[in-house]
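So the structure is just underneath, and the comments pick up after that.
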Amino acid sequence: MKKNFLIVISSYYKDVSSGLLKSALKLLPSRSKVKIINVPGVFEIPVTISKNLKKYDAFIALGCVIKGQTPHFDFISQASTDAIMKLSIDSKKPIGNGIITCLNIKQARARKKKGAEATNAVLSVLSQK
């Protein structure tokens, strides 16, 4: 399957994001075109995907949100998840949500395979007839 993919990745937790990216890239078909756009945080992922909806067949959102002392974690996590789901449904294009939400950096580092899981989800939707 030759498709054009856009991966939008938050660089806020670079070591976690790079692990998510490595696991995602391993699963993309070798003949596919892949572009990667870095954004500062997960809040910028949905708008970046939205600006590129017509250019790509599928999208993968990668990043990490770690809970702190304030409700910011809840707002960012919910807003990004809701926006990604709405974009996917409205555009009828798959967007793999590889944004992990964790209580601490140790949990985040242990979940780097979530990039691959988001990629698998996208490939599954693309293969539907």
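Bear in mind that the values in this text are calculations on the coordinates, not laboratory data. In this text, all values refer to a predicted model and were calculated from it rather than measured experimentally. Using ideal geometry, Cβ is built from the backbone for each residue, glycine included, and neighbour counts are taken over all protein chains shown.
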Labelled set (i) 14.6, 48; (ii) 20.2, 79; (iii) 13.8, 46; Rg and Dmax of the Cα atoms in Å computed from this model equals the value at (iii)
12 Å beta-carbon shell around R31, net charge (K/R +1, D/E -1) = +3
Quick one: putting +1 on the C-beta of Lys and Arg, -1 on the C-beta of Asp and Glu, what dipole do you get for the stretch 4-126 around its Cα centre, in Debye to the nearest 20?
-> 460 debye
In degrees, nearest ten, helix 114-126 long axis to first principal axis of the chain (Cα) = 30 degrees
Checked against a 26 Å limit on the C-alpha separation, the offending pairs among K14/K92; K14/K114; K22/K106; K3/K106; K54/K112; K33/K92 are K14/K92; K3/K106; K54/K112
Near K129, which aspartates and glutamates are there with a Cα under 16 Å away, not counting those fewer than 8 places off in the same chain?
-> D57
GNM result for the chain, Cα springs below 10 Å: residue of G96, G19, G68 fluctuating most strongly | G68
Per-residue ellipticity at 222 nm for the chain, helices alone: DSSP H runs ≥ 4 residues times -39500 (n - 2.57), over residue total, nearest 500 deg cm²/dmol?
-> -14000 deg cm²/dmol
